[in-house]
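Structure provided below as structure tokens; questions to follow.
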Ligand SMILES: [Zn+2]
């Protein structure tokens, strides 16, 4: 007999611990325990919740992901409109703003709060009784989209606030993606032939506005909160912006540590100046400083004109664009053989850095923007992200410009170049192409893949030049003597590298799959594959049909994976990895052995004996899958009270239907078989 009270107590204890360490890690950036210790807590919590689904609460840290994809977003009306800010671009305009507001309040002296203006997506979070109840986008300022499920996946957004707070209140903030996060996401997307995000704002918006919360969860999103939108009548909230920020911080919200309280407009100016260059050292993009009058009473008096408050202004940083000449278009061969065009520019200074090269993404992009060699082009630099060519200045054409054509042979190996139908990239299809091996090896050892520390670009280059590695598996056969023969290698460095190589043999399966560099298989797909197949061998044996059975894997990705494992040379690499004792399978429990393995359930309507999430938890416990829409893959539709359109769909597809009673019987039977 299980002691329910003790279990309940342990669950609460675990939640508190996990929430606390989440907060240390994601909000304060100063973890107290190791990742492994954190994972252990999370695992224990998840396990107890799986065994006792009735103990799952909406604010449990396990519930950040797990919601089903939506068919469309609901609409949220903002009780208090989310205003946009007027801009100023220099000291004169800033002083003019100060003059305007001083005149309105007859010479009153102001103090200010200056905040870094994040380049992201503005959102509103409503808390009720301390729990996050609604999260919405800004939309047009009056109405936004209900993206609650997606915002729940962002770890720095508290699901429950800590401390005393009004019964209902709204917090506003900016969801953003770091530069590194955006770069990695774009790299994955480029490999998969998907359109790239032009800037962090688009990336944040595109990630938050996803119908499937799992996609949002996989994106590296963060938030800084900057305002109390409103609080229910009678609640005591601060009466100044600077105190409001501390108040938010005390409740567990993430507030930008660089925000500051300033006495006068000269201090605002120097704060701004100090960030004009320094902003490029930040891990995220910001495009200006928001200057706010500190006192809420003064804000109230100043009011709003049109959609812009008079009491705040965005002091924008200087432009990050410039015009220069496109001297030539070069080609870089990527790890999957893709021919990536890049712009060779007449050097130009943009926001303090000399730019000589910029990305052009792909052939279609060049054609769509009609960029020609010899054109004057607008180049944009956004911090550390690779500069990009925005487009040509057509009015400055002389007629001497020439259109770009993709070379017919690979510029590195002279091998044949093809452009598969429906893809945006031309490719070198010579599997022995040295450029590909170089890119592939770089990818293989990178932090996002096998994470072999000490083996960087130059070491990879040296290894290839010395002929020490002929494929990625070759790295596991390097000897101490071979490494010592490379330039700039000493005993200590070689020992470190050998250790790092050894350690990488224990990496989880998802990393190995991702490291192989299979076309169209980025991290997200690798995770799905690892979870589904549990071993490289099972993945390699999978037919195209079996591959498309994995949720979200379409025929194009399936083909690419299938083709990869049809090639002798790739199977050879897998064998070499195996002989080197690289982990090629997941130690996880064998899902196929579970009684409901391979069966997908969709629940519609209300069930009398359990909530939908409890039903889904039961299904998953027994090895089944819980879907949200009825498709041909759906094995059963469980029909509760007031079923929705899913029932019609199931009828038209001929999907088997179960009443609640039948469903319970099936679960019972499965549980018996599973013992
Ligand atoms: Zn080539």
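The values are calculated or read from the model by the stated rules, or taken from the named source; none is laboratory data. This structure is a prediction, so every number in the text was calculated from the model and none was measured. Cβ placement follows ideal geometry from the backbone for every residue including glycine, while neighbour counts extend to all protein chains displayed.
When only residues in region 200-216 that are part of a loop (DSSP other than H, G, I, E, B) and either in the same structural domain as residue 523 (by TED's automatic domain parsing) or surrounded by fewer than 18 Cβ atoms within 10 Å (Cβ to Cβ) (or both) count, which is modelled with the highest pLDDT? Show your work before the answer.
In the first step, residues of region 200-216 are kept if they are part of a loop (DSSP other than H, G, I, E, B); the result is 209-212.
Applying the additional criterion that residues be either in the same structural domain as residue 523 (by TED's automatic domain parsing) or surrounded by fewer than 18 Cβ atoms within 10 Å (Cβ to Cβ) (or both) yields 209, 211-212.
Numbers: 209: 89, 211: 86, 212: 85.
Ranking the qualifying residues of region 200-216, first place goes to 209.
Can I ask one more? Touching a residue at least 12 places away in the same chain (Cβ under 8 Å), more than 23 Å from the chain's Cα centre (by Cα) and surrounded by 19 or more Cβ atoms within 10 Å (Cβ to Cβ) - does that describe any residue in region 115-123?
Start the filter on region 115-123 by keeping residues that are touching a residue at least 12 places away in the same chain (Cβ under 8 Å), which leaves 115-123.
Next cut, more than 23 Å from the chain's Cα centre (by Cα) only: 115.
Still in the list and also surrounded by 19 or more Cβ atoms within 10 Å (Cβ to Cβ): 115.
Yes: region 115-123 contains one or more residues that are touching a residue at least 12 places away in the same chain (Cβ under 8 Å), more than 23 Å from the chain's Cα centre (by Cα) and surrounded by 19 or more Cβ atoms within 10 Å (Cβ to Cβ).
Related question: Only residues in region 543-561 that are closer than 20 Å to residue 600 by Cα count as the first member; pair them with residues that are assigned to a loop (DSSP other than H, G, I, E, B), Cβ under 7 angstrom, at least 6 apart or cross-chain, and list the lot.
547/553; 548/554; 549/633
Select, from 469, 512, 460, the only residue that is assigned to a loop (DSSP other than H, G, I, E, B) and more than 16 Å from the ligand (Cβ to nearest atom).
469
Within region 221-239, can one find any residue that is part of a loop (DSSP other than H, G, I, E, B) and at pLDDT 90 or above? Give the derivation first.
Step one: list which residues in region 221-239 are part of a loop (DSSP other than H, G, I, E, B), which gives 232-239.
Now drop any that are not at pLDDT 90 or above, which leaves 238-239.
Yes, there is a match, as at least one residue in region 221-239 is part of a loop (DSSP other than H, G, I, E, B) and at pLDDT 90 or above.
This table checks each residue for (1) under 15 Å from residue 146 (Cα atoms); (2) in the same structural domain as residue 210 (by TED's automatic domain parsing); (3) surrounded by fewer than 18 Cβ atoms within 10 Å (Cβ to Cβ).
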{"site": "35", "(1), (2), (3)": "no, no, yes"}
{"site": "40", "(1), (2), (3)": "no, no, yes"}
{"site": "43", "(1), (2), (3)": "no, no, yes"}
{"site": "46", "(1), (2), (3)": "no, no, yes"}
{"site": "50", "(1), (2), (3)": "no, no, yes"}
{"site": "57", "(1), (2), (3)": "no, no, yes"}
{"site": "74", "(1), (2), (3)": "yes, no, yes"}
{"site": "78", "(1), (2), (3)": "yes, no, no"}
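Each row is one residue, and each column tells you yes or no for (1) closer than 21 Å to residue 221 by Cβ; (2) part of a helix (DSSP H, G or I).
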position: 7; (1), (2): no, yes
position: 21; (1), (2): yes, yes
position: 26; (1), (2): yes, yes
position: 29; (1), (2): yes, no
position: 38; (1), (2): yes, yes
position: 42; (1), (2): yes, yes
position: 73; (1), (2): yes, no
position: 80; (1), (2): no, no
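Filter region 475-504 down to residues that are under 32 Å from the mean Cα position of the chain (by Cα), surrounded by fewer than 22 Cβ atoms within 10 Å (Cβ to Cβ) and closer than 16 Å to residue 575 by Cα, then give me how many there are.
1
I would also like to ask the following. Spot the failing condition for residue 342; the list is (1) at pLDDT 90 or above; (2) more than 28 Å from the chain's Cα centre (by Cα), and only one is missed.
Checking residue 342 against (1) at pLDDT 90 or above; (2) more than 28 Å from the chain's Cα centre (by Cα), the one that fails is (2).
Taking region 438-449 as the search range and keeping residues that are surrounded by fewer than 21 Cβ atoms within 10 Å (Cβ to Cβ) and more than 16 Å from the ligand (Cβ to nearest atom), which one is modelled with the highest pLDDT?
Restricting to residues being surrounded by fewer than 21 Cβ atoms within 10 Å (Cβ to Cβ) and more than 16 Å from the ligand (Cβ to nearest atom), the top hit is 446.
Continuing with the same structure: Looking for whichever is assigned to a strand (DSSP E or B), touching a strand residue (DSSP E or B) at 6+ places or on another chain (Cβ under 8 Å) and touching a residue at least 12 places away in the same chain (Cβ under 8 Å) here; the options are 608, 626, 650. Which one fits?
Working: 608 fails: assigned to a strand (DSSP E or B); 650 fails: assigned to a strand (DSSP E or B).
Exactly one residue qualifies, and that residue is 626.
Further, regarding this structure: Give me the residue from region 416-437 that is crowded, with 20+ Cβ neighbours inside 10 Å and either at pLDDT 85 or above or within 12 Å of the ligand (Cβ to nearest atom) (or both) and, out of that set, farthest from residue 469 (Cα to Cα).
Here is the first cut: in region 416-437, the ones crowded, with 20+ Cβ neighbours inside 10 Å are 417, 425-428, 433, 435-437.
Now drop any that are not either at pLDDT 85 or above or within 12 Å of the ligand (Cβ to nearest atom) (or both), which leaves 417, 426-428, 433, 435-437.
Working: 417: 25, 426: 26, 427: 23, 428: 20, 433: 13, 435: 13, 436: 13, 437: 9 Å.
In this case the residue turns out to be 426.
Further question: When you look at residue 400, is it without any contact (Cβ under 8 Å) to a residue 40 or more places away in the chain, surrounded by fewer than 18 Cβ atoms within 10 Å (Cβ to Cβ) and within 16 Å of the ligand (Cβ to nearest atom), yes or no? Break it down stepwise before answering.
Working: without any contact (Cβ under 8 Å) to a residue 40 or more places away in the chain: yes; surrounded by fewer than 18 Cβ atoms within 10 Å (Cβ to Cβ): yes; within 16 Å of the ligand (Cβ to nearest atom): no.
So residue 400 does not fit the description; no.
Moving on. Checking residue 409 against (1) within 15 Å of the ligand (Cβ to nearest atom); (2) touching a helix residue (DSSP H, G or I) at 6+ places or on another chain (Cβ under 9 Å); (3) modelled with pLDDT of 90 or more: exactly one of these is not met. Which one?
Unmet for residue 409, out of (1) within 15 Å of the ligand (Cβ to nearest atom); (2) touching a helix residue (DSSP H, G or I) at 6+ places or on another chain (Cβ under 9 Å); (3) modelled with pLDDT of 90 or more: (2).
Using the structure shown, decide if residue 655 is over 30 Å from residue 510 (Cβ atoms), touching a helix residue (DSSP H, G or I) at 6+ places or on another chain (Cβ under 6 Å), crowded, with 17+ Cβ neighbours inside 10 Å and not assigned by TED's automatic domain parsing to the domain that holds residue 545. Let's see the steps before the verdict.
Numbers: over 30 Å from residue 510 (Cβ atoms): yes; touching a helix residue (DSSP H, G or I) at 6+ places or on another chain (Cβ under 6 Å): no; crowded, with 17+ Cβ neighbours inside 10 Å: yes; not assigned by TED's automatic domain parsing to the domain that holds residue 545: yes.
Spelling it out, it is not the case that residue 655 is over 30 Å from residue 510 (Cβ atoms), touching a helix residue (DSSP H, G or I) at 6+ places or on another chain (Cβ under 6 Å), crowded, with 17+ Cβ neighbours inside 10 Å and not assigned by TED's automatic domain parsing to the domain that holds residue 545.
Tell me which residues, restricted to region 279-337, are farther than 30 Å from residue 396 by Cβ, within 16 Å of the ligand (Cβ to nearest atom) and in a strand (DSSP E or B).
Kept after step one, since they are farther than 30 Å from residue 396 by Cβ, are these residues of region 279-337: 279, 281-284, 286, 289-315, 333-337.
Subset that is within 16 Å of the ligand (Cβ to nearest atom): 333-337.
Within region 279-337, just 333 meets the criteria.
Suppose we keep only residues that are in contact with a helix residue (DSSP H, G or I) (Cβ under 9 Å, 6 or more places away or on another chain) and on the phi > 0 side of the Ramachandran plot within region 349-378. Which one would you say is surrounded by the most Cβ atoms within 10 Å (Cβ to Cβ)?
Among them, the one singled out is 361.
Next question, about the same structure. Identify, by number, the condition in (1) within 13 Å of the ligand (Cβ to nearest atom); (2) surrounded by fewer than 18 Cβ atoms within 10 Å (Cβ to Cβ) that residue 395 doesn't meet.
Every condition holds for residue 395 apart from (1).
Further question on the same structure: Which number in (1) surrounded by 14 or more Cβ atoms within 10 Å (Cβ to Cβ); (2) in a helix (DSSP H, G or I) marks the one condition that residue 507 misses?
Residue 507 satisfies all of (1) surrounded by 14 or more Cβ atoms within 10 Å (Cβ to Cβ); (2) in a helix (DSSP H, G or I) except (2).
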